[in-house]
Amino acid sequence: AQTVTQSQPEMSVQEAETVTLSCTYDTSENNYYLFWYKQPPSRQMILVIRQEAYKQQNATENRFSVNFQKAAKSFSLKISDSQLGDTAMYFCASPGSQGNLIFGKGTKLSVKP
Amino acid sequence: DSGVTQTPKHLITATGQRVTLRCSPRSGDLSVYWYQQSLDQGLQFLIQYYNGEERAKGNILERFSAQQFPDLHSELNLSSLELGDSALYFCASSASLDRASDTQYFGPGTRLTVL
């Protein structure tokens, strides 16, 4: 079965510090994208960053970057210069065989002032 | 703002009732996905439509059905509601049918409470 595992249910970080959220996945697809979504208290699912698996270069979006290790099927999210507004649940997602996304159980990130 | 809209935002109803959730995808997107987010099950894929046709089914109960209309908006119908159906229901859209290499953008969700 295709799975996505986020091993850190909760994390906290001080404002302006850096934090890394872990994710491992298992997919049978060859060319695929991987995603990190953020779900703040408003419950909206917001796309944070995506990684194209055929690209060796790690994706970067402003303060957000990924460390993508294809052979290890690892896809971690690094948040630099953490801000209070980064407080949210973060979900890692990979493609399922039916075109859907398979989500991990999420990591609850708290940014402390 | 993802460009995906969902109505209503909140829905409170009683067991045994039927409700309809509506979704309008981003302009130009042909694929619509429905997901259910509950506390104990996380985010679960329900069903996908592409250009009016059902393309994939996930963990969707027989009491639930969906359709996509010619203007590409989609509706998720939930009937014979049970307490356990209380959840946040998301619609997501993507441009193509490409299963693994496309980005899904999520709407704000409909929070369903069954009393």
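The values are calculated or read from the model by the stated rules, or taken from the named source; none is laboratory data. Quick caveat: nothing in here was measured; it's all calculated off a predicted structure. Quick reminder, even Gly has a Cβ in these numbers, built from the backbone with ideal geometry, and neighbours come from all protein chains shown.
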query: In the stretch B:1-42, which residues are under 24 Å from A:Gln98 (Cβ atoms) and among the β-branched types (Val, Ile, Thr)?
result: B:Val4, B:Thr20, B:Val32
field: Matching residues, the stretch B:64-109, being in contact with a Pro (Cβ under 6 Å, 6 or more places away or on another chain) and assigned to a strand (DSSP E or B)
entry: B:Ser93
message: Scan the stretch B:32-39 and tell me whether some residue there is assigned to a strand (DSSP E or B), polar (S, T, N, Q), touching a residue at least 60 places away in the same chain (Cβ under 8 Å) and closer than 23 Å to A:Ala93 by Cα.
response: yes
statement: Checked against (1) modelled with pLDDT of 95 or more; (2) in a strand (DSSP E or B), B:Arg26 satisfies every condition except (2)
- prompt: How many of the residues in the stretch B:1-19 are surrounded by 15 or more Cβ atoms within 10 Å (Cβ to Cβ) and outside any loop (DSSP other than H, G, I, E, B)?
  reply: 5
message: I'd like the full set of residues that are surrounded by fewer than 17 Cβ atoms within 10 Å (Cβ to Cβ), more than 15 Å from A:Thr18 (Cβ to Cβ) and not charged (D, E, K, R), limited to the stretch A:59-79.
response: A:Gln69, A:Ala71, A:Ala72, A:Ser74
query: Any residue in the stretch A:59-68 that is more than 12 Å from chain B (Cβ to nearest Cβ) and in contact (Cβ under 8 Å) with a residue 40 or more places away in the chain?
result: yes
field: Top-ranked residue in the stretch A:7-57 [being within 12 Å of chain B (Cβ to nearest Cβ) and over 16 Å from the mean Cα position of the chain (by Cα); ranked as nearest to A:Leu84 (Cα to Cα)]
entry: A:Ser42
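Quick grid of which residues meet (1) buried (at least 18 other Cβ atoms within 10 Å of the Cβ); (2) within 26 Å of A:Tyr33 (Cβ to Cβ); (3) modelled with pLDDT of 95 or more:
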site	(1), (2), (3)
B:Ser31	yes, yes, no
B:Gln44	no, yes, no
B:Asn51	no, yes, no
B:Glu62	no, no, yes
B:Pro70	no, no, yes
B:Ser74	yes, yes, yes
B:Asp85	yes, no, yes
B:Phe90	yes, yes, yes
B:Gln104	yes, yes, no
field: Breaking point among (1) part of a strand (DSSP E or B); (2) farther than 17 Å from A:Ile102 by Cα; (3) charged (D, E, K, R), for A:Arg43
entry: (1)
message: Given the condition of a type in the set (S, T, N, Q), more than 30 Å from B:Arg55 (Cβ to Cβ) and at pLDDT below 95, answer yes or no: does some residue in the stretch A:43-57 qualify?
response: yes
